[in-house]
């Protein structure tokens, strides 16, 4: 029978190896040919070569190599076929999985309905479901005839859950008007996701919804615990929840959850929820508590940043600025005035009540002849100008302190004056303070300084070394308080030339406490050593405010409104810090300045009187009537 | 028995030891690099209460080889806080080391000050008191140098060779001659010795011009700023001409000047011999010392 | 008892032997005196000067001079003291002090002449000069004439290569002469026999430790440390005064010599070649070769003294 013709399009097969002339001893030629044929489809060139070799007189010699090649190629083919089969199997499996949700497999009687969650290997789901079904099977099923009341029971169960959720929400404090639809939505979502009644997309939607609001739900659940500390944990829980979703479920879902939470809690700081939440209820407490926590966190970071910023600024100016600072021994102690333990007797008061905000006013004495007079005031924030928004301070609004003192103060404001709603009451203590500073200056003839530097060309050589002076770069020393006052005269020793120009003193005023503001400078007293004279302060002539000279210090008392206005413009209230003041001097009497010595040691002094303010705020809510 | 004999022999041997004549050592005067040494006496009050007076004592001694005559000392205080109650500036004299006074003269200087108060609001204040001594001083360096007219070394047997002389130990003064390099410059059949002399300020203070010593303590500029030392050198009682003269002695850098006498010719008939070259440097010197004080205000203390 | 008796007997016999040895009349024996490498020996007398002195004091220096050689030292020979600043130590004669006549060692004089030389000076005060101490090295230099007389027994063989079976008395060879009691020594004489001429290579060496220079008053004057100094052509020159053999002077045959008959030492050594023409018919014989060298010699010793200021 003739061979069937090759189907069109198929490449011609490699010719089968012909048997060698002498034959291959011990070898089944036809088997060999078959094996080569199988390989020829993948390696036609090799097959053709093998055929030629086997047909030749040296076939025996080539045989081992050809057999080895055959074994290698067969192993390759086997591996490929195995992989192909595995891939096909995987495809089938996937297809099966994809098709599975639309067509649930029939379940055995009594077995729980298969759910997508089971297919998603969620143990929690399976457990919940098994509990539900087992409960139904054990308790209700014996009572209900099969096939009759399943649906009725389900309706009852759903209704029961609905009622339960409604009650819970009511107890939480959610307003009755919104309770029903919220409860209904929750119940429906739970039912749908558990019973798999609805098609897949809705379930997916429900699952995502739960994912989004699960964090918020847990957050509020924790907030129900009546303890002020728990609010911090609740916040931490929320932050951890959002972070976990981000890491586990992915960036997309995490971003969505974060956005939703930001919006939700952003609303917390507005008045949106006021109508929704019953004042005095646990939910209300939780909301207020969280508000407080967020405020405190905000204050902490702001304060931290302020400290960081001012400290860094100080360090920067010490390194690069014209002055250096040192703090007098006691300045590290908290000198001055503080408002501590600020609180309110009741966060919620009615319109008939009085808002009471209390604090401890603390003062630490400092070395001065003058007593410290502290004025205390309280008012609703942002409404200072309105008289009725100010409260009455008890025991008194003025305190005079000369020693370490601590006094409780109370601020009482009629709630009626404030009106219903949430208000911020500010307690402020204003006081006059004095900060002093001095800077030691070494004066030397410029020719002498140059002579020394010529003899000591090494970098950093200082003529003061020749006098055995250890502190060759003196820095300004100031007393503690709300402000620090730095002074600088440039490089020391100060070179005195034949000219009449003296050194320029740079004064820098900056914040020393992180809280409070400089309200007003009352007086600036600058004293320069005998032999020098102050000509200008920040470019302004100040002769008429100055006295001294001869062998006495030359000092200028700048307490005149006009000059102070020029140095500290009124439109900058509180005074914007940092502030620089430059004092130009002239040499009035070189002999007095140098005191017939090759080196003269003198001090620049500064005393500043100013008005400083400390304030603290407290939130309070005024409602129409307390819940019964 | 044998031991006794041995011991007896030993004793006898020791008895017959010829006593060597001990020649008493003369004290070494012209050595060291210090002149005036000053220090604050431990009895000095370093801590005082505001408005209180304080006594400052400074021990001074002249450990150099030269006398200090009409030197001046001065106390520099922060007049705004410390008012001197005794003389702040005064002249002083101290004998230097000598054969009959090998340790040199010493004295104690006293200053009384009173505090006029410190800034209000400050609990302490730390001023400094600086003691400064300004005086004229001299360095006398005499050293042997070899005069060797035989520069061709025709006679290999010489009593000395013309070589640089190092003087590392000073001459009992802060400005020291550290090295002398002799050069036998041929001049006809003979030689003219030329000496390169190196000097350096090895003391703790600063050199000022000889004429400006007092002015240095008074703060006068001009002369006091110059760091020069006048030079006189002589060989065989004949003055040599030195250049540069005066020589600048700045900081602690070594300075060099050259001394010679053109008409001082040593021919072969002079032979090779050791001679004494004497160098005298005259200059002013300034020593400074600082004492930190601590002024404290008592709690509740009234201003002065 | 027996032992004691034996001992006494032995002692007795010893005494007898000694006693009967006979007394020969003691006659003075000539000593071989031409040995040694020194001429004059100089030394400072102890404590003169003392190691430490003070200014304004006299400076006394005493030097012991001993002639350890064989030649007489005497007038014209000088000792100088130098090395000090003449403005500090004065009154020292710069022209030197004559060395007294000191006989050299002889056959019947085992020790040469010894004498002392003094220098008296004065130390000037230091106070005006601001001198604290002065430590000069005093150099004592002796300049003197000397002579070396060497005699070597040499073998002369006029026919050294003659074919003869006669037993020769001697064979020309090198003779080592050692030292001759002078600072310049003839160390050896090499004999080179040739037909009718015998050559002598005389090796000379400066063994005294000092400096040798030309003989003559002029050179002696220049030897002074206060003089211009001996020049290049004056130092290390020795005059070959005489070379004789069998009373025949062969000095003229000696080479190398300069015009004045001097030979030059190089590195303290020199060799001179002389010839002697012996009659050919003479048979080999031993005969003394006498060599006389004349020269000036300079020797120095040093002593350091410390002079301190007393004022």
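The values are calculated or read from the model by the stated rules, or taken from the named source; none is laboratory data. Not measured: the values here are computed from a predicted model. Cβ sites come from the backbone with ideal geometry, for glycine too, and all protein chains shown count toward neighbours.
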Give the range A:479-492 a look and list any residue that's at pLDDT 90 or above, within 12 Å of another protein chain (Cβ to nearest Cβ) and touching a helix residue (DSSP H, G or I) at 6+ places or on another chain (Cβ under 9 Å), or say none. none
Inspect the range C:230-241 for any residue being more than 23 Å from the chain's Cα centre (by Cα), at pLDDT below 90 and within 14 Å of another protein chain (Cβ to nearest Cβ) and give the result as yes or no. no
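State yes or no: is residue C:263 touching a helix residue (DSSP H, G or I) at 6+ places or on another chain (Cβ under 8 Å), surrounded by 15 or more Cβ atoms within 10 Å (Cβ to Cβ) and assigned to a strand (DSSP E or B)?
no
Can you tell me which residue is surrounded by the fewest Cβ atoms within 10 Å (Cβ to Cβ) among those in the range C:121-137 that are outside any helix (DSSP H, G or I) and facing chain B (nearest Cβ under 7 Å)?
C:135
May I ask you to list the residues in the range B:268-285 that are touching a strand residue (DSSP E or B) at 6+ places or on another chain (Cβ under 8 Å), over 19 Å from residue B:163 (Cα atoms) and either at the interface with another protein chain (Cβ under 8 Å from one of its Cβ atoms) or part of a loop (DSSP other than H, G, I, E, B) (or both)?
B:280
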Just one listed residue, out of B:177, B:194, B:185, is within 30 Å of residue C:234 (Cα to Cα) and more than 10 Å from chain C (Cβ to nearest Cβ), and it is B:185
What is the residue count in the range A:606-618 for residues that are surrounded by fewer than 19 Cβ atoms within 10 Å (Cβ to Cβ) and within 14 Å of another protein chain (Cβ to nearest Cβ)? 1
Have a look at B:153, B:227, B:126 and point out the one that is farther than 30 Å from residue B:53 by Cβ and more than 21 Å from the chain's Cα centre (by Cα). B:153
Pick from A:447, A:466: which is in a helix (DSSP H, G or I), within 30 Å of residue B:204 (Cβ to Cβ) and in contact with a helix residue (DSSP H, G or I) (Cβ under 6 Å, 6 or more places away or on another chain)? A:447
Within the range A:412-424, can one find any residue that is out of contact with any helix residue (DSSP H, G or I) (no Cβ under 9 Å at 6 or more places or on another chain), at pLDDT 90 or above and more than 10 Å from chain B (Cβ to nearest Cβ)? yes
Any chance the range C:169-178 includes a residue that's within 14 Å of chain B (Cβ to nearest Cβ) and without any contact (Cβ under 8 Å) to a residue 60 or more places away in the chain? no
For the range B:205-247, name all the residues that are more than 9 Å from every other protein chain (Cβ to nearest Cβ), buried (at least 21 other Cβ atoms within 10 Å of the Cβ) and in a loop (DSSP other than H, G, I, E, B). B:209
Go over the candidates B:119, B:154 one by one and state the one that is facing chain C (nearest Cβ under 10 Å), over 30 Å from residue B:37 (Cα atoms), without any contact (Cβ under 8 Å) to a residue 60 or more places away in the chain and not in a strand (DSSP E or B). B:154
So residue C:225 clears everything in (1) in contact with a helix residue (DSSP H, G or I) (Cβ under 8 Å, 6 or more places away or on another chain); (2) within 11 Å of chain B (Cβ to nearest Cβ); (3) in contact (Cβ under 8 Å) with a residue 24 or more places away in the chain except one condition, right? Which one? (1)
For the range A:544-561, pairs from a residue that is at pLDDT below 90 to a residue that is in a helix (DSSP H, G or I), with Cβ under 6 Å and 6 or more apart or across chains, are A:551/A:592
What are the residues in the range B:71-102 that are within 11 Å of another protein chain (Cβ to nearest Cβ), surrounded by 17 or more Cβ atoms within 10 Å (Cβ to Cβ) and free of Cβ contacts under 8 Å to residues at least 60 places away in the same chain, if any? B:75, B:76, B:77, B:78, B:79, B:80, B:88
What's the number of the only condition in (1) in contact with a helix residue (DSSP H, G or I) (Cβ under 8 Å, 6 or more places away or on another chain); (2) closer than 30 Å to residue B:153 by Cβ; (3) surrounded by 16 or more Cβ atoms within 10 Å (Cβ to Cβ) that residue C:242 fails to meet? (2)
Unmet requirement for residue B:250, which otherwise passes all of (1) within 15 Å of the chain's Cα centre (by Cα); (2) part of a loop (DSSP other than H, G, I, E, B); (3) closer than 30 Å to residue A:496 by Cα: (1)
